[in-house]
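Data block below; observations after.
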Amino acid sequence: MRRDDGSRTDSEIGSLNPETLSAVRVTDLSAPARTAVEQCLDLDAEESCLVVTDDKREPIGRALYEAASAVTDDAGIVQFPPRAQHAEEPPEPVAAAMREADTFLAPTTKSLSHTRARSAACEAGARGATLPGITEEVFTVGLDADYAEIASECAAVLERVNDAEEIRVTADNGTDITVEPGSRAWHEDTGIVHDAGAFSNLPAGEVFVAPETATGTYVVDGTISPHGLLEEDHTVAVTVEDGYVTDFSDDEVAAQFERASEDAGRDAYNLAELGIGTNVAVTDLVGSVLLDEKAAGTVHIAVGDNASIGGETDAPIHSDGVIRDPTVFVDGEEISLPQPE
């Protein structure tokens, strides 16, 4: 087993808009599975690979298992009932198997990214990727990308923001929010997980931080749970003061956080993440947060848990909202963002 250290990212997932991708015919999952195994994971014949899936994502899990089996004789697949919510732990035997593997891929209905099982696996030296809320359509579209190019875009954005004292995001839709990273490090989600302990989402493509504080308003006009892709006349305004959300303009979005706050209290309203999309292959938002937050030319902001991405808040919710056509200022200077191809 090859063991070392690595890092990560995450996102909560919205539902796929079926009308947007109705023209996509999924007849073969083998090509995106090979991209995940061979390009993103760079699986070696001497390594073990564990595919972690649930009953609703079994076809994708099976495709990944077959792609891994073509590379190594030490491939396995474990399956369990879908969890009720994002960040809910998998069964302990699954967590134990993840800790023992050299590599893992986890296509699941609910996100395992923020679970202790995933963190423990990476801390033990396993490298891998979660594919939370993945659908066959998103798997096909999102993995049809040049991940070396995405890594290059991530590096360029990271260079611009890495030492920033404050980031201001504005947009014509009313967004005007300033976040302060403080001492917390920026991370890049390139989809390339070649070093032991490394972690990524797939599909990938973002640069993100868990800010120490933030103040202002951001207006989601792209994708957000539980709605998925918002209609043209539907936006969700989120008011933030001193690092915590004080108001959601949308009752359904607000209700999610009210439920989470029953267990987590104020931590459910923590301004958890600022992310910049770098996947230039994503040309349209489709209603899946997993894919849409990676779209080049967008910004996403999350509320809730950020303990696994450099923050200090452990909460049972992590919900991202995608903002179209933002302007980003780094310490007062506007920067250019990656744009779709």
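The values are calculated or read from the model by the stated rules, or taken from the named source; none is laboratory data. Everything quoted here is computed from the prediction, not taken from an experiment. Heads up, the Cβs are rebuilt from the backbone with ideal geometry, glycines too, and the neighbour counts pull from every protein chain shown.
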Filter result for the condition that a residue is among the polar types (S, T, N, Q) and without any contact (Cβ under 8 Å) to a residue 60 or more places away in the chain, over THR278, THR283 = THR283
Within the range 240-250, identify whether any single residue is at pLDDT 95 or above, in contact with a Gly (Cβ under 7 Å, 6 or more places away or on another chain) and either surrounded by 19 or more Cβ atoms within 10 Å (Cβ to Cβ) or not charged (D, E, K, R) (or both), and answer yes or no.
-> yes
If you check SER30 against the conditions, is it in contact (Cβ under 8 Å) with a residue 24 or more places away in the chain, more than 24 Å from ASP320 (Cβ to Cβ) and among the hydroxyl-bearing types (Ser, Thr, Tyr)?
-> yes
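Please go through the range 55-112 and give me each residue that is among the acidic types (Asp, Glu), farther than 22 Å from ALA196 by Cβ and part of a helix (DSSP H, G or I), ordered by number.
If the condition is that a residue be among the acidic types (Asp, Glu), farther than 22 Å from ALA196 by Cβ and part of a helix (DSSP H, G or I), then GLU58, GLU66, GLU92 are the ones that fit.
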Pairs only if they're at least six apart or on different chains, beta carbon under 8 angstrom, first in the range 60-78 and of a type in the set (S, T, N, Q), second part of a strand (DSSP E or B); list them, first residue then second.
-> SER69/ALA75; THR72/CYS49
Pair list, Cβ under 9 Å, 6 or more apart: the range 322-341 residue more than 19 Å from GLU273 (Cβ to Cβ), other residue among the small types (Gly, Ala, Ser) and outside any loop (DSSP other than H, G, I, E, B) = PRO340/ALA295
Which one is surrounded by the most Cβ atoms within 10 Å (Cβ to Cβ), of the residues in the range 29-76 that are of a type in the set (A, V, I, L, M) and more than 22 Å from the chain's Cα centre (by Cα)?
-> ALA68
Criterion (aliphatic (A, V, I, L, M) and either under 23 Å from ILE77 (Cβ atoms) or in a loop (DSSP other than H, G, I, E, B) (or both)) met by exactly one of ALA151, ALA164 | ALA164
Options LEU291, LEU271; residue that is modelled with pLDDT under 95 and crowded, with 24+ Cβ neighbours inside 10 Å = LEU291
Qualifying residue in the range 173-193 (condition: surrounded by fewer than 24 Cβ atoms within 10 Å (Cβ to Cβ) and more than 29 Å from VAL238 (Cα to Cα)) = yes
How about the range 315-336: which of its residues are among the polar types (S, T, N, Q) and either crowded, with 24+ Cβ neighbours inside 10 Å or outside any strand (DSSP E or B) (or both)?
-> SER319, SER336
